[in-house]
1. What do you reckon, is Tyr296 more than 24 Å from Glu55 (Cβ to Cβ), aromatic (Phe, Trp, Tyr), surrounded by fewer than 19 Cβ atoms within 10 Å (Cβ to Cβ) and touching a residue at least 24 places away in the same chain (Cβ under 8 Å)?
2. Working only within the stretch 93-125, note down all residues that are closer than 18 Å to Cys189 by Cβ and assigned to a helix (DSSP H, G or I).
3. Evaluate the following for Asn324: is it in contact (Cβ under 8 Å) with a residue 40 or more places away in the chain and under 30 Å from Pro57 (Cα atoms)?
4. Taking interchain pairs and intrachain pairs at least six residues apart, which have beta carbon atoms under 6 angstrom, with the first residue in the stretch 144-168 and of a type in the set (Gly, Ala, Ser) and the second modelled with pLDDT of 95 or more and part of a helix (DSSP H, G or I)?
5. Report yes if some residue within the stretch 313-322 is under 21 Å from Arg251 (Cα atoms), in contact with a strand residue (DSSP E or B) (Cβ under 7 Å, 6 or more places away or on another chain) and of a type outside the set (Phe, Trp, Tyr); otherwise report no.
6. Only one of (1) of a type outside the set (Phe, Trp, Tyr); (2) over 30 Å from Leu172 (Cβ atoms); (3) not assigned by TED's automatic domain parsing to the domain that holds Ile263 is not met by Gly96, so which one is it?
7. Of the residues that make up the stretch 40-50, is at least one under 26 Å from Ser338 (Cβ atoms) and free of Cβ contacts under 8 Å to residues at least 24 places away in the same chain?
8. Return the residues of the stretch 135-156 that are outside any helix (DSSP H, G or I) and under 29 Å from the mean Cα position of the chain (by Cα); say none if nothing qualifies.
Amino acid sequence: MRLSGFYKLSVEERLRKVAEIVGLSPEESGMLISSGTLPIEVADRMIENVIGTFELPLGVATNFLIDGKDYLIPMVIEEPSVVAAASNAARMAREGGGFFTDFTAPVMIGQIQLVDVKNPESARFEILRNKAEIIEKANECDPILVKLGGGCKDLEVRIIDSIYGKMVVVHLLVDVRDAMGANAVNTMCEKVAPIVGRLSGGRPLLRILSNLAVYRIARAKALFKKEVIGGEEVVDGVMKAYAFAEADPFRCATHNKGIMNGISALMIATGNDFRAIEAGAHGYSAIKGYKPLTKYEINDNGDLVGTIEIPISAGIIGGATQVNPLAKICLKILGVKSSEELARVSAALGLAQNFAALRALATEGIQRGHMELHARNIAIMAGARGSEIDRVAEIMVKEGKIRMDFAKEILTKLRAKEG
């Protein structure tokens with residue numbers, strides 16, 4: 001169906017229209033319009049066609065010691081066992097000194113695509129020869145960013161083959177400081193596009209930031225002592241699980257997804273674009289063939305050493321980080337003072353999440369922890385309330401039957417016994 005002028009309606013009018021079409025009850029409509037602490041008038045200005053807000057669980061991962069500093073890490077996620085797994089891995093890492101991190105710089109890439117370039121090599125030469133002029137023009141866009149030490153720092157020119165022949169692609173390398181940087185970078189690309197078009201003799205087409213932030217890399221390392229994580233057999237199991245991911249892209253996709261379980265949960269909590277960071281992470285892992293973002297080795301003592309290298313294009317200013325009141329609170333809980341610190345914490349969290357998953361897979365299996373928490377969700381769906389939830393879940397896990405019909409059966413018996 002076509003809803004003419006839907007975007008012009010107020011939130012209440014849009015919700016009323018949707019309710020009429022799909023048959024929402026007054027109670028259901030009420031839940032959409034007042035489901036959380038994000039003011040509906042703020043939500044209406046963040047995206048289009050707003051009819052309400054949507055809640056997800058917010059948890060806190062504990063035990064993290066990163067570069068000698070303790071952190072509480074807020075995580076927004078619906079998947080069971082993720083927060084607990086990260087906290088447990090961080091506890092084990094503390095015995096080896098915690099996590100140690102590194103970061104390159106908050107540099108993002110802005111791309112300007114040049115098409116219909118007759119002489120690509122000559123165009124590349126002329127653009128690089130006039131680099132200073134291009135950088136100066138780009139920095140006119142944001143004098144405050146430049147004053148803070150950021151701005152366009154360098155320029156690259158690539159010649160790529162495509163189904164339309166050779167294209168020239170100009171990269172602006174922009175230090176965005178404590179922002180994610182998309183708006184600043186895109187504005188600079190628009191500003192200098194006519195100049196590089198003139199110099200190349202081609203036509204500027206796309207002018208946009210790249211989410212493959214290869215110059216904004218966060219790294220983390222942790223030592224997991226063999227006696228802390230379960231002995232030599234567990235170390236061997238984790239190494240073999242890692243080797244599986246390193247050799248097989250089908251396994252590697254899930255391996256890397258597990259890393260992003262933690263990082264994306266933190267990005268959502270802090271109001272960052274988790275989709276951009278996931279795209280960048282998977283793109284980075286695929287540069288030389290799709291590979292794990294983490295690596296594992298065994299040191300001379302037989303302990304497990306894990307490392308991670310991942311692009312993190314997250315900010316602490318701008319966007320939803322400042323608009324959503326919950327994102328501001330989560331940043332306060334986390335206690336980071338810069339985008340660099342946020343990136344370092346993110347890398348440590350991703351490594352912890354990955355180690356926890358590999359250890360679980362190599363020992364009791366990951367399904368056990370998942371199903372214990374999943375059982376609670378089934379109990380709630382079956383109608384359990386309060387202490388009934390844990391009692392129903394416990395019986396289902398014990399019997400190995402985590403199903404809706406069994407949950408209802410257990411609940412009926414419990415209530416009959418107490419009634």
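The values are calculated or read from the model by the stated rules, or taken from the named source; none is laboratory data. It should be emphasised that the depicted structure is a prediction, and the values quoted were computed from it without experimental measurement. Cβ atoms come from the backbone with ideal geometry, glycine included; neighbour counts cover every protein chain shown.
1. Working: more than 24 Å from Glu55 (Cβ to Cβ): yes; aromatic (Phe, Trp, Tyr): yes; surrounded by fewer than 19 Cβ atoms within 10 Å (Cβ to Cβ): no; touching a residue at least 24 places away in the same chain (Cβ under 8 Å): yes.
Criteria not met by Tyr296.
2. Across the stretch 93-125, the qualifying residues are Ala123, Arg124.
3. Numbers: in contact (Cβ under 8 Å) with a residue 40 or more places away in the chain: yes; under 30 Å from Pro57 (Cα atoms): yes.
Yes, satisfied.
4. The qualifying pairs are Gly151/Asn139; Gly151/Leu145.
5. Restricting attention to the stretch 313-322, the residues satisfying the condition of being under 21 Å from Arg251 (Cα atoms) are none.
Looking through the stretch 313-322, none of the residues is under 21 Å from Arg251 (Cα atoms), in contact with a strand residue (DSSP E or B) (Cβ under 7 Å, 6 or more places away or on another chain) and of a type outside the set (Phe, Trp, Tyr).
6. It fails just one condition, (3).
7. Let us first name the residues in the stretch 40-50 that are under 26 Å from Ser338 (Cβ atoms), namely 42, 46.
If we keep only those that are free of Cβ contacts under 8 Å to residues at least 24 places away in the same chain too, we end up with none.
No; the residues of the stretch 40-50 include none that is under 26 Å from Ser338 (Cβ atoms) and free of Cβ contacts under 8 Å to residues at least 24 places away in the same chain.
8. So in the stretch 135-156, the residues outside any helix (DSSP H, G or I) come out as 140-142, 148-156.
Within the stretch 135-156, Cys141, Asp142, Leu148, Gly149, Gly150, Gly151, Cys152, Lys153, Asp154, Leu155, Glu156 meet the criteria.
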